[in-house]
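The structure under discussion appears below in the form of structure tokens.
Readers should treat all values here as calculations from the given coordinates under stated rules, not as data from a laboratory. Being a predicted model, the structure only gives us computed values, none of them experimental. Here Cβ is always computed from backbone atoms with ideal geometry, including for glycine, and neighbour counts include all displayed protein chains.
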Amino acid sequence: MYKLIDLPYKSLAPVISDQTLAFHHGKHLQAYVDNLNKLITGTEFESMSLEEIVKKSSGAIFNNAGQILNHEMYFLQFAPQPSLPAPTGNLLARIEKQWGSFDAFKAEFEAKGTTLFGSGWVWLQANETGELSIVQYANADNPVAHGLKPLQTFDVWEHAYYLDYQNRRAAHLSALWQIVNWSVIERRF
Ligand SMILES: [Fe+2]
């Protein structure tokens, strides 16, 4: 049985309002957890880790497991006052090598999030040699399903921002950098 993760903070306001956070975590993510538990009961997936389910399933099981994995990585990368507000060390060196600067990286990340058609996620992912890429994944898809390492993600489903930003997805995405804790992303890298 999967359980809803606890959030390691009380509020991310004003970047994400308390109302959006409560619905996003307590209603949307909770629903994916409840659905997955119902779907996998009595199946081969019951004893697998979330990552294994994402790699091996399809259809409704994949959609719900993928959304749990995506949301856990999304919520756990944030902090109201990030201890590390920008990348450093190896990860910064990689970003500068591939994009020229952290600002250029952020600009491409925001552009890919803004232009993703419909619902999905924009991800920073790494391959086995540490090479980075920014990729749009539709619906519940994610780097794990493609054998890549997930590092950082912005949710561009409307439920992530519509109460606070209405149609202004780009404004929401550019505000999110204020709460990304790069110490979490560096650990994943
Ligand atoms: Fe979401």
In the range 14-25, anything over 15 Å from the mean Cα position of the chain (by Cα) and touching a residue at least 24 places away in the same chain (Cβ under 8 Å) is listed as 15, 17, 19, 20, 23
Would a scan of the range 93-107 turn up a residue that is within 14 Å of the ligand (Cβ to nearest atom), part of a helix (DSSP H, G or I) and touching a residue at least 12 places away in the same chain (Cβ under 8 Å)? no
Between residues in the range 56-78 that are more than 9 Å from residue 140 (Cβ to Cβ) and of a type in the set (S, T, N, Q) and residues that are more than 14 Å from the ligand (Cβ to nearest atom) and not in a helix (DSSP H, G or I), which pairs lie under 7 Å by C-beta distance while being six or more apart or on different chains? 77/152; 77/180; 77/181
In a helix (DSSP H, G or I), among the basic types (Lys, Arg), surrounded by 15 or more Cβ atoms within 10 Å (Cβ to Cβ) and more than 16 Å from the ligand (Cβ to nearest atom), is that true of residue 112? yes
Filtered residues of the range 135-189 (kept if within 16 Å of the ligand (Cβ to nearest atom), more than 19 Å from residue 108 (Cα to Cα) and either of a type in the set (S, T, N, Q) or surrounded by fewer than 19 Cβ atoms within 10 Å (Cβ to Cβ) (or both)): 139, 158, 159, 162, 163, 164, 165
Per the list (1) among the hydrophobic types (A, V, I, L, M, F, W, C); (2) within 16 Å of the ligand (Cβ to nearest atom); (3) loosely packed, with under 14 Cβ neighbours inside 10 Å, residue check on residue 117 breaks on (2)
Close pairs (8 angstrom Cβ cut-off, 6 or more residues apart or separate chains): within 24 Å of residue 160 (Cβ to Cβ) and in contact (Cβ under 8 Å) with a residue 60 or more places away in the chain in the range 26-43, more than 12 Å from the ligand (Cβ to nearest atom) and aromatic (Phe, Trp, Tyr) anywhere: none
Suppose we filter the range 61-92 for residues that are loosely packed, with under 13 Cβ neighbours inside 10 Å and either within 16 Å of the ligand (Cβ to nearest atom) or assigned to a helix (DSSP H, G or I) (or both); how many remain? 2
Within the range 1-52, the residues that are basic (Lys, Arg) and away from the ligand (no atom under 14 Å from the Cβ) are 3, 10, 38
Members of the range 46-60 found to be surrounded by fewer than 18 Cβ atoms within 10 Å (Cβ to Cβ) and hydrophobic (A, V, I, L, M, F, W, C), listed by number: 48, 50, 60
All but one of (1) away from the ligand (no atom under 16 Å from the Cβ); (2) closer than 18 Å to residue 49 by Cα hold for residue 125; which doesn't? (2)
